[in-house]
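Novice: Below is the structure I would like to discuss, written out as structure tokens.
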Amino acid sequence: MHPKPTNITLDRGKNRLEIVWDDGLISHYPLGHLREACPCVECRGGHANMGMENAPDDMLKLTPRRSYTMVGLSAVGNYALQPSWDDGHNTGIYTWEYLRLIAPPPNA
């Protein structure tokens, strides 16, 4: 069974998304890095590059092209989040499994 969030907080002051998981882990996702890790077909460069096997090994090594602001955040069923970004992008669906896989180390 994959961990699921028990609490999700968009911390605009610290420019990050915080997820508390049901196994006790707390993950902090810098927004710029989260935007660069978008799993959608457009950002991944086609359907062949989608899927968990193409997730970034270390999202903190991704270099944000600019500063991003998350302007909205919606739940997708009970399995994912769909953020809206200030660059107009809103097609990325970040499943719980994907978010857990790309989570930065706890003390990063």
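Novice: Cβ-Cβ below 7 Å, separation at least six or inter-chain, first residue in the range 84-108 and at negative phi, second basic (Lys, Arg) and exposed (fewer than 15 other Cβ atoms within 10 Å of the Cβ): which pairs?
Specialist: Within 7 Å, the pairs are Trp96/Lys4.
Novice: Also, I was wondering about something else. Looking at (1) within 21 Å of His89 (Cα to Cα); (2) in a loop (DSSP other than H, G, I, E, B), which one does Tyr29 not meet, given that it meets all the others?
Specialist: In the conditions (1) within 21 Å of His89 (Cα to Cα); (2) in a loop (DSSP other than H, G, I, E, B), Tyr29 misses (2) alone.
Novice: Shifting gears a bit: Give me the residue from the range 35-67 that is assigned to a helix (DSSP H, G or I) and within 12 Å of the chain's Cα centre (by Cα) and, out of that set, surrounded by the most Cβ atoms within 10 Å (Cβ to Cβ).
Specialist: Arg35
Novice: Next up: If a residue must be among the β-branched types (Val, Ile, Thr) and under 20 Å from Lys61 (Cα atoms), how many such residues does the range 20-45 contain?
Specialist: Matching residues across the range 20-45 total 1.
Let's see how each residue does on (1) of a type outside the set (Val, Ile, Thr); (2) surrounded by 14 or more Cβ atoms within 10 Å (Cβ to Cβ); (3) in a strand (DSSP E or B):
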{"residue": "Ser74", "(1), (2), (3)": "yes, no, yes"}
{"residue": "Ser84", "(1), (2), (3)": "yes, yes, yes"}
{"residue": "Asp87", "(1), (2), (3)": "yes, no, no"}
{"residue": "Glu97", "(1), (2), (3)": "yes, yes, no"}
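All of the numbers you see were taken from the coordinates with simple rules; none came from a lab. Worth saying up front: this structure is predicted, and the values here are computed from it rather than measured. When we count neighbours, we look across all protein chains shown, and the Cβ atoms used for this are built from the backbone with ideal geometry, even at glycine.
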